[in-house]
Amino acid sequence: MRPILMKGHERPLTFLKYNRDGDLLFSCAKDHTPTVWFADNGERLGTYRGHNGAVWCCDVSRDSTRLITGSADQSAKLWDVQTGTPLFTFNFDSPARAVDFSVGDKLSVITTDPFMGLSSAIHVKRIAADPDDQIGESVLVLKGPQGRINRAVWGPLNRTIISAGEDAVVRIWDTETGKLLQENDKDVGHKKTITSLAKSTDASHFLTGSLDKSAKLWDSMSLTLIKTYVTERPVNAVAMSPLLNHVVLGGGQDASSVTTTDHRAGKFEAKFYDKILQEEIGGVKGHFGPINALAFNPDGKSFSSGGEDGYVRLHHFDSDYFKIPSI
C-alpha cells in the first residue's frame with residue numbers, strides 16, 4: 001500500500017473528516033487553517049482562513065455545502081465549503097473543542113473547554129438554511145462533566161447526544177430536556193481520558209479511544225460495552241471501517257515523552273483489529289510522531305491518518321486487504 005503524503009499543515013494534525021460522498025477530505029491542525037483535499041489523489045483544494053487559534057475539530061454537512069469548525073480562539077465557525085467564505089461565527093468564553101452536525105444538518109453540537117473558572121459545556125445551536133438568518137443563541141446548554149469534553153456527537157435520530165472526555169465517562173443526554181440519561185458503568189469503562197469517539201455508519205454503536213491504552217465499542221442506545229481492544233500505547237484516534245468488521249486505532253506516546261527518533265520506538269502506527277474477535281490483524285507504519293486523527297472513507301476502500309508530524313497520509317487499500325479472512 002503506497003501512501004499519498006499530504007503536506008499542507010505547519011503544525012500537528014488534530015482531526016480528519018470525509019464528506020458523505022467520500023470525495024473530499026477535511027483536515028484540522030494546530031495551525032489556524034482547516035484544509036480541504038481531494039480524497040482520491042490527495043490534491044489540496046483550498047484552505048479556510050479566519051481562525052486565529054488551533055482548530056480542534058470539524059464536521060461537514062450531508063450535502064457538502066457547509067463546514068463547521070471548533071477552535072482554541074474561543075469560536076466555532078460556519079463556512080461555505082466551495083468558496084471558503086466564513087458565513088457565521090459562534091463566539092464563546094472558552095475554547096471550542098468538538099463540533100458535530102445533527103442528521104438533517106438543522107442543529108449542531110459544540111463543546112467548550114473549562115477555562116478561567118468556567119466549567120466545560122455542551123451547546124446545541126440551530127443551523128439556519130440561509131446564513132443571513134443565522135443566530136448565535138444556544139437552543140440547549142448541558143453542563144456536568146468534570147474536565148474537558150473531547151468529543152460530543154449526536155445519537156440515533158438526534159434524540160440523544162453522546163459525550164466523552166477527560167473524566168473518562170461516556171454520557172448520553174436527552175436532546176429535548178437536556179437531562180442526563182445514562183453514564184457508563186465505571187467497572188467496565190475507561191480508566192483515563194477518552195480522546196476520541198467514532199460512530200458506526202448507522203449510529204447503532206460507537207467506538208471510544210483512551211489514554212488507558214484501549215478502545216471500547218459501545219451500544220448507542222443502552223450504553224452496554226460490546227468489545228474492548230487492548231493495545232500497548234495510548235490511543236489518540238479511532239475509526240471503524242464502514243465495509244468490513246475492522247477497527248483501526250492510532251496513537252503513540254506523547255511527543256514530549258519520546259526520547260528516540262526511531263519511528264518504531266514510539267509505536268507510531270495505525271493498528272487494525274478484528275471488530276468481533278478483538279485481535280490485531282495488521283498495522284500501517286509511516287508517521288514520525290503520534291497519530292492524532294484517523295478517518296475511513298465512507299466507501300471503506302481507503303483511510304487517512306494525521307500525525308503530530310504535520311502530515312496527512314492517505315492510504316488506498318490493496319485488493320489483498322479485502323481478502324483478509326473474517327468470521
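Computed quantities for the displayed model
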{"read-out": "Selection from the range 48-65 of residues that are surrounded by fewer than 16 Cβ atoms within 10 Å (Cβ to Cβ), of a type in the set (S, T, N, Q) and either under 17 Å from the mean Cα position of the chain (by Cα) or closer than 25 Å to Asp299 by Cα (or both)", "value": "Thr65"}
{"read-out": "Pairs where the first residue, in the range 33-50, is closer than 20 Å to Leu294 by Cβ and the second is open to solvent by less than 40 Å² (accessible area, probe 1.4 Å) and at pLDDT below 95, C-beta under 7 Å, 6+ apart", "value": "Thr35/Gly8; Arg44/Gly8"}
{"read-out": "Boolean, Leu217 is open to solvent by less than 20 Å² (accessible area, probe 1.4 Å), more than 16 Å from Ile291 (Cβ to Cβ) and part of a loop (DSSP other than H, G, I, E, B)", "value": "no"}
{"read-out": "Set Phe115, Phe88, Phe101: member being aromatic (Phe, Trp, Tyr), in contact with an Asp or Glu (Cβ under 9 Å, 6 or more places away or on another chain) and either closer than 18 Å to Gly53 by Cα or surrounded by fewer than 19 Cβ atoms within 10 Å (Cβ to Cβ) (or both)", "value": "Phe115"}
{"read-out": "Of residues in the range 156-185 being polar (S, T, N, Q) and part of a strand (DSSP E or B), the one surrounded by the fewest Cβ atoms within 10 Å (Cβ to Cβ)", "value": "Gln182"}
{"read-out": "Which listed residue, of Lys191, Lys199, is of a type outside the set (Phe, Trp, Tyr) and farther than 14 Å from Val109 by Cβ", "value": "Lys191"}
{"read-out": "Lone qualifier among Val188, Val153, Val141 - being open to solvent by 50 Å² or more (accessible area, probe 1.4 Å) and in a strand (DSSP E or B)", "value": "Val141"}
{"read-out": "Extreme residue, nearest to Asn245 (Cα to Cα), among residues of the range 191-214 that are surrounded by 17 or more Cβ atoms within 10 Å (Cβ to Cβ) and free of Cβ contacts under 8 Å to residues at least 40 places away in the same chain", "value": "His205"}
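The values are calculated or read from the model by the stated rules, or taken from the named source; none is laboratory data. None of the values given here were measured: they were computed from a predicted structure. Cβ atoms come from the backbone with ideal geometry, glycine included; neighbour counts cover every protein chain shown. Heavy atoms of the whole protein, side chains included, go into the accessibility calculation; ligands, DNA and RNA do not. Shrake-Rupley method; radii C 1.70, N 1.55, O 1.52, S 1.80 Å.
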